[in-house]
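We did not get these values from a lab; they are worked out from the coordinates using the rules stated. Bear in mind the structure is a predicted one, so any value in this text is a computation, not a measurement. Cβ placement follows ideal geometry from the backbone for every residue including glycine, while neighbour counts extend to all protein chains displayed.
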Amino acid sequence: MKKSPEISYLRNRLVQCPIEFQAEPILKNGSIVKGKLSTEALYNDTIYFLTRSYPRDKKSINLMESKENRNHLKVVAILTYILHDPIFQNLEIPESKVYDFLFNHLKPYTRLVGAHEFLNHPDRQEELCRLLVKYLSILPEGETQEYFSDRMSSLDSVEREAIIQKTIKAQKAAKRKEEELLEAMRRKEAEEAASKMPRE
């Protein structure tokens, strides 16, 4: 794994994200176009900054208007700002990894966490920075792989949501089983009561 700056360095850069990178992303609804910030331009500029060449092929970027996509593209913009740091220029990061992280791997997280939380909540700031370096196969300076993995697991919003949903599912199953048991007991009691009734 390649070495990156400490997570604290990346978090400081994150909280300094300029207001321009927090503008509304361009979204399309048929012929109607809303927003000001071009995700395509940000992505192309980021790739040029990292590799000194623009993407060879036009990348597929979903610009359809939706609440979910709006949040996703706002987080993408924040990450392009983080990546526009000279520390990343010498790490030889492949374009394919950057694209896959920003537009595929990141989506489950932006479905759960708002861009404002990634900007303002300490744990979510750290989570976003760790997600970035994790997917780009970069180990933060001063950390072992074991510590990095443990810390990432403790912050992971997707993992936490999966545990919550699993717990809820188990609780519902237990409640359903309890209700079925009570119903069976009531039926048995009713049958026993009926069998004891005097017959004419």
List the number of the failed condition for ASP85; all other conditions in (1) within 22 Å of LEU155 (Cα to Cα); (2) among the acidic types (Asp, Glu); (3) touching a helix residue (DSSP H, G or I) at 6+ places or on another chain (Cβ under 7 Å) hold.
(1)
Please find, among GLU161, GLU178, GLU189, the residue that is under 27 Å from GLU24 (Cβ atoms), part of a helix (DSSP H, G or I) and charged (D, E, K, R).
GLU161
From the list ALA193, ALA115, pick out the single residue that is farther than 21 Å from SER4 by Cα, surrounded by 10 or more Cβ atoms within 10 Å (Cβ to Cβ) and of a type in the set (A, V, I, L, M).
ALA115
Cβ-Cβ distance below 6 Å, separation of 6 or more or different chains: which pairs start in the range 111-135 with a residue that is touching a residue at least 60 places away in the same chain (Cβ under 8 Å) and polar (S, T, N, Q) and end on one that is assigned to a helix (DSSP H, G or I) and buried (at least 20 other Cβ atoms within 10 Å of the Cβ)?
GLN125/LEU14
Select from the range 99-141 the residues that are among the aliphatic types (A, V, I, L, M) and within 14 Å of ILE78 (Cβ to Cβ) and list them in ascending order.
LEU102, LEU106, VAL113, ALA115, LEU119, LEU128, LEU131, LEU132
Is at least one residue of the range 117-135 within 21 Å of TYR81 (Cβ to Cβ) and in contact with a strand residue (DSSP E or B) (Cβ under 7 Å, 6 or more places away or on another chain)?
yes
Residues of the range 97-110 being touching a residue at least 24 places away in the same chain (Cβ under 8 Å), part of a helix (DSSP H, G or I), surrounded by fewer than 22 Cβ atoms within 10 Å (Cβ to Cβ) and of a type outside the set (Lys, Arg), which ones?
TYR99, ASP100, PHE101, PHE103, HIS105, PRO108, TYR109, THR110
In the range 63-75, how many residues are in contact with a helix residue (DSSP H, G or I) (Cβ under 6 Å, 6 or more places away or on another chain) and in contact (Cβ under 8 Å) with a residue 40 or more places away in the chain?
4
Test ILE32 against the stated conditions and say whether it is within 23 Å of the chain's Cα centre (by Cα) and aliphatic (A, V, I, L, M).
no
